[in-house]
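Asks: First the structure, then my questions, so here it is.
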Amino acid sequence: EAGELPGRAPRALLDEPTEFPEAGEIPRATLALAARLYGNWTSASAARRLRRMAALSVGQARAELRQAAAQSRVDRQQRGARSRATVEAISVRGQGPRRRALVVTRERIIAPDLPPEGRRYRVTAAELERRPDGWVISRWAPQP
């Protein structure tokens, strides 16, 4: 009637799950799993772990994690690399179906092309949303 045809978004852009089987019942559970997935990997497992994390995520966080998973397969700097991390602290703020959080991990990355380093702390800013299956990540932003 207005002279415009209804728009159709490409299916790839709408590819967001409706179920989140690994989502935690509380925000802290989802964040702890995400931090373990993000911080503990080898060059052989990185893509798989990032895809699992993307499956816990929605929106921009999901898109970024899926892209990181795809890039990790071809990243020459990650060949032979590995990371080990422990979750040191999780702070969740807010009320209702959306929450903000900070996640602190202590990690060590070992790679053939990098000089040996000790463990370091990493802070990640995160946001979560409540879905029927549990809490999912809508923002995951590791700080430098």
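Asks: Can you name the condition, by its number, that S91 falls short on among (1) small (G, A, S); (2) surrounded by fewer than 17 Cβ atoms within 10 Å (Cβ to Cβ); (3) more than 18 Å from the chain's Cα centre (by Cα)?
Replies: It fails just one condition, (3).
Asks: Just need a number here: residues in region 113-128 that are out of contact with any helix residue (DSSP H, G or I) (no Cβ under 7 Å at 6 or more places or on another chain) and open to solvent by 70 Å² or more (accessible area, probe 1.4 Å).
Replies: Number satisfying all stated conditions: 7.
Asks: Pairs, please: C-beta under 8 Å, at least 6 apart or cross-chain, first residue farther than 22 Å from V123 by Cα and in region 74-89, second at pLDDT below 90 and open to solvent by less than 60 Å² (accessible area, probe 1.4 Å)?
Replies: Q77/A111; G80/A111
Asks: Still on this structure, please answer the following. For E107, are the conditions met, namely being under 19 Å from M53 (Cβ atoms), open to solvent by less than 60 Å² (accessible area, probe 1.4 Å), charged (D, E, K, R) and out of contact with any Asp or Glu (no Cβ under 9 Å at 6 or more places or on another chain)?
Replies: Spelling it out, E107 is indeed under 19 Å from M53 (Cβ atoms), open to solvent by less than 60 Å² (accessible area, probe 1.4 Å), charged (D, E, K, R) and out of contact with any Asp or Glu (no Cβ under 9 Å at 6 or more places or on another chain).
Let's see how each residue does on (1) modelled with pLDDT of 95 or more; (2) buried (at least 18 other Cβ atoms within 10 Å of the Cβ):
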{"site": "A111", "(1), (2)": "no, no"}
{"site": "R130", "(1), (2)": "yes, no"}
{"site": "G134", "(1), (2)": "yes, yes"}
{"site": "P142", "(1), (2)": "yes, no"}
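Asks: Hey, can you tell me all the residues within region 41-51 that are crowded, with 16+ Cβ neighbours inside 10 Å and not in a strand (DSSP E or B)?
Replies: S43, A46, A47, R49, L50, R51
Asks: Give the residue, chosen from A61, A23, A2, that is modelled with pLDDT of 95 or more and farther than 23 Å from R106 by Cβ.
Replies: Just one listed residue meets the conditions, A23.
Asks: Let me ask something else about it. Do we find that V74 is under 15 Å from the mean Cα position of the chain (by Cα) and either surrounded by fewer than 17 Cβ atoms within 10 Å (Cβ to Cβ) or of a type in the set (V, I, T) (or both) in this structure?
Replies: no
The values are calculated or read from the model by the stated rules, or taken from the named source; none is laboratory data. Just so you know, these numbers come straight off a predicted model, no measurement behind them. Counting neighbours? That spans all protein chains shown, and the Cβs are built from the backbone with ideal geometry, glycine included. Areas reflect the complete protein model, heavy atoms only, side chains present, ligands, DNA and RNA absent. Shrake-Rupley method; radii C 1.70, N 1.55, O 1.52, S 1.80 Å.
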